[in-house]
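Reading through the structure tokens given below for one structure.
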Ligand code: MG
Ligand code: MG
């Protein structure tokens, strides 16, 4: 997992450097695919099945009001856009998962703030991934910080356990759920591995599925940011593997 996560981190760092006006999400997807493959790993999203649908790409690229699961398009990025690039790597049967939101050229200050707060909320969640704490400590840290800034915390999509599969139990909500929602507030133990991934909207928390039946978008059309790390639960707080 350490190796797989390191590849994801290096990949996001490399591909993030390619983000500029005129580049297309499909270009970035190819860059992700090539980078991960060259490291001797497999792009974990490629061939990922949900029901009868199979995702064909190495990365999800979600532009502006797209929250997550963006299908890489051939529409050139424009100055002022923000895009999240989300990818996973499988190395020798173990997985790493990470996402980062990037600015395209010059972005509005309000959009920059959304990105900053979302990234900071991830780090607050990571700090709470500590032995003896509970899973919802992570959720609470993310929710409190983002809602304090007036942002919408997406409910329908959550972080997850990760290991020998890309998505494992437990689910890691970015808000403190009510008991009826069926999440488990696990006691965090040394060595548990979690993908923590706040998805934060500038406006309403509400999301819907786009016409492509895959991409998740905000219902008010306002931008959304997404940052994700694969993390190990440790005594003093989470250890980030996708660093
Ligand atoms: Mg994930
Ligand atoms: Mg991811």
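Per-structure values
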{"item": "Gyration tensor (alpha-carbon) shape descriptor, the range 135-214, a/c threshold 1.5", "result": "oblate"}
{"item": "For the range 35-172: rounded, prolate or oblate by the Cα gyration tensor [a/c cutoff 1.5]", "result": "oblate"}
{"item": "Nearest-0.05 FRET efficiency for residue 34 and residue 113, computed from C-beta distance (R0 25 Å)", "result": "0.15"}
{"item": "Residue 78 paired with residue 106, simple spin-label distance in nm, labels 7 Å along Cα-to-beta-carbon", "result": "1.6"}
{"item": "Segment residue 54-residue 204, length gained on full extension (0.36 nm per residue, minus Cα span)", "result": "51.1 nm"}
{"item": "Cα gyration tensor shape for the range 2-240, rounded if a/c is under 1.5, else prolate or oblate", "result": "oblate"}
{"item": "Cβ-based exposure ranking for 111, 54, in which fewest neighbours within 10 Å come first", "result": "54, 111"}
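Since every read-out is calculated from the coordinates, none of them should be taken as a lab result. For clarity, every value in this text was computed on a predicted model and none was experimentally measured. When we count neighbours, we look across all protein chains shown, and the Cβ atoms used for this are built from the backbone with ideal geometry, even at glycine.
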